[in-house]
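The values are calculated or read from the model by the stated rules, or taken from the named source; none is laboratory data. This is a predicted model, so every value here is computed, not measured. No Cβ is skipped: glycine too gets one built from the backbone with ideal geometry, and neighbour counts run over all protein chains shown. Calculation scope for accessible area: heavy atoms of the full protein, side chains included, ligands and nucleic acids excluded. Shrake-Rupley method; radii C 1.70, N 1.55, O 1.52, S 1.80 Å.
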Amino acid sequence: MKFNHIVTLGLAAFVGFSLPADAQDKKIDVKAYYVKKAKEEGKNKSGKLSAVSIVSSTKPGTFVVKLNEDETKEVKIKDDYSTFYVITPKELVEALRLYAAEDFAPAGKALHKVRKQLENWRGLPEGPYMRAYRAEVECAVRQLDFAGALAVVNEFPKDIEKLLTPQDKVMQSAVKLLAGATREGGVDPTKIEDGIKTVMDKLGSAVTPAHYGWMYFALGAAYQSTIPADQISSHNIAAEHKVNASKAIDAFCVAGISTHGAQMQLPIEAMKRAQLLLWSMPGVQAEVKAYGHPTPAKFKKQSQDFQDAVTLAYMLINVYGVEAPADSPLAKAAELYVNTKAKK
């Protein structure tokens with residue numbers, strides 16, 4: 001799937017690639033960096049700009065570079081181009097490896113600690129501070145800790161906001177929508193719709209499938225919050241809430257498809273919420289009670305809500321490996337799908 005390719009590229013960008021062995025610093029893990037608008041004053045024998053290693057950057061446009069083993073120098077961005085190498089802190093490499101292994105709880109804690117330690121890198125575009133920042137936000141979202149993700153976003157230093165890429169701005173906006181929609185008491189869905197429209201109008205070309213999915217998860221949560229919780233838990237949504245329930249289901253399905261890929265925490269949560277709403281839609285439980293001996297022909301005559309609830313339950317358990325007790329609503333719904341296909 002396209003999203004798998006994006007995740008693969010994203011992880012490759014986070015980790016970077018190693019320099020030849022003879023160019024590596026023996027004490028610190030050195031990763032290759034890309035060509036940036038900066039210039040070293042000295043030139044090599046060929047007259048071309050020499051490559052140097054950036055060791056810190058406290059403000060945009062100003063770098064401290066390592067000229068040799070004992071000498072560093074502060075340089076500013078010039079109009080010419082020169083190849084620079086970032087000396088990546090070992091702690092960041094280890095934290096990103098936890099992230100890549102989907103060990104999100106310890107990865108998030110490690111990234112938070114590393115990000116605080118990397119304050120003197122914050123002025124470097126795409127440098128260690130920015131990499132730690134993005135990954136820490138991702139860790140929180142993957143754990144469905146949207147309030148935690150918002151806290152990281154709100155901590156971003158004001159003095160380097162110019163370094164935010166359009167995609168960073170989309171990520172921040174998506175997190176704000178997620179946190180607002182999932183807070184206690186919910187939020188008016190129109191506010192989330194307006195927020196999505198604003199992002200798409202201003203930054204549409206920078207919106208990734210994942211961040212699009214984050215925003216639609218927020219929309220689904222907002223519509224879900226308009227339905228009394230006891231009606232959902234008792235699987236008996238009143239007819240007056242059917243329209244908003246349908247809008248929530250549609251939004252969660254968009255979120256599930258858009259975020260589907262190597263890291264399935266958010267899409268699975270979106271699909272679980274959609275299935276629960278489908279199972280609770282008006283009339284579905286009456287269909288379940290009257291269903292009787294299941295047959296394929298009978299299944300096809302059931303409402304679309306019934307069919308979708310049963311099919312999605314089966315997928316969650318048998319395709320995505322969601323664990324559900326045998327007496328749980330999810331398992332009971334999945335059984336109807338299995339029986340329908342198995343019995344003639």
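Inspection of the range 95-117 finds a residue satisfying the criterion of being in contact (Cβ under 8 Å) with a residue 12 or more places away in the chain and more than 23 Å from the chain's Cα centre (by Cα). Filtering Ala297, Ala326 for residues that are of a type in the set (Gly, Ala, Ser) and assigned to a helix (DSSP H, G or I) leaves a single hit, Ala297.
Only residues that are over 20 Å from Val86 (Cβ atoms) and touching a residue at least 60 places away in the same chain (Cβ under 8 Å) were counted across the range 130-158, and they come to 4. When the range 319-344 is filtered for residues that are modelled with pLDDT under 90 and open to solvent by 70 Å² or more (accessible area, probe 1.4 Å), the ones remaining, listed by number, are Val319, Glu335, Lys341, Ala342, Lys343, Lys344. When the criteria are applied in full, Leu98 meets the requirement of being on the phi < 0 side of the Ramachandran plot, touching a Pro at 6+ places or on another chain (Cβ under 6 Å) and part of a helix (DSSP H, G or I). Tell me, which residue of the range 119-133 that is charged (D, E, K, R) and open to solvent by 30 Å² or more (accessible area, probe 1.4 Å) is farthest from Leu219 (Cα to Cα)? By that ranking, first place goes to Glu119. Using the structure shown, decide if Gln265 is within 30 Å of Phe104 (Cα to Cα) and open to solvent by 40 Å² or more (accessible area, probe 1.4 Å). Yes: the conditions hold for Gln265.
Among the residues making up the range 270-287, those that are touching a residue at least 24 places away in the same chain (Cβ under 8 Å), farther than 14 Å from Asp250 by Cα and either in a loop (DSSP other than H, G, I, E, B) or touching an Asp or Glu at 6+ places or on another chain (Cβ under 7 Å) (or both) are Ser280, Pro282, Val284.
Taken together, the criteria place Val153 among residues that are surrounded by fewer than 24 Cβ atoms within 10 Å (Cβ to Cβ) and β-branched (Val, Ile, Thr). Anything in the range 147-169 that is over 16 Å from the mean Cα position of the chain (by Cα), under 17 Å from Lys116 (Cα atoms) and either in a loop (DSSP other than H, G, I, E, B) or among the β-branched types (Val, Ile, Thr) (or both)? List them, or say none. The answer is Glu155, Phe156, Pro157, Ile160. Just to be sure before I move on: is Ala105 modelled with pLDDT of 90 or more and buried (at least 19 other Cβ atoms within 10 Å of the Cβ) in the structure I sent? Spelling it out, it is not the case that Ala105 is modelled with pLDDT of 90 or more and buried (at least 19 other Cβ atoms within 10 Å of the Cβ).
Take Tyr34 and tell me if it is in contact with a Phe, Trp or Tyr (Cβ under 9 Å, 6 or more places away or on another chain), modelled with pLDDT under 85, more than 24 Å from Lys158 (Cα to Cα) and of a type in the set (Phe, Trp, Tyr). Judged against the criteria, Tyr34 is a match.
Checked against (1) within 23 Å of Ala245 (Cα to Cα); (2) small (Gly, Ala, Ser); (3) at pLDDT 95 or above, Gly148 passes all but condition (1).
Here the helices (runs of 4 or more DSSP H) wholly within the range 178-250 that include at least 1 residues being free of Cβ contacts under 8 Å to residues at least 24 places away in the same chain and within 21 Å of the chain's Cα centre (by Cα) are 189-203.
Counting only residues that are over 12 Å from Met271 (Cβ atoms) and either assigned to a loop (DSSP other than H, G, I, E, B) or open to solvent by 20 Å² or more (accessible area, probe 1.4 Å) (or both), the range 300-318 holds 8 of them. In the range 251-262, which residue that is of a type outside the set (Val, Ile, Thr) and part of a helix (DSSP H, G or I) is surrounded by the fewest Cβ atoms within 10 Å (Cβ to Cβ)? It comes out as Cys253.
Of all the criteria given as (1) open to solvent by less than 10 Å² (accessible area, probe 1.4 Å); (2) more than 20 Å from Val187 (Cα to Cα), the one not satisfied by Leu203 is (1).
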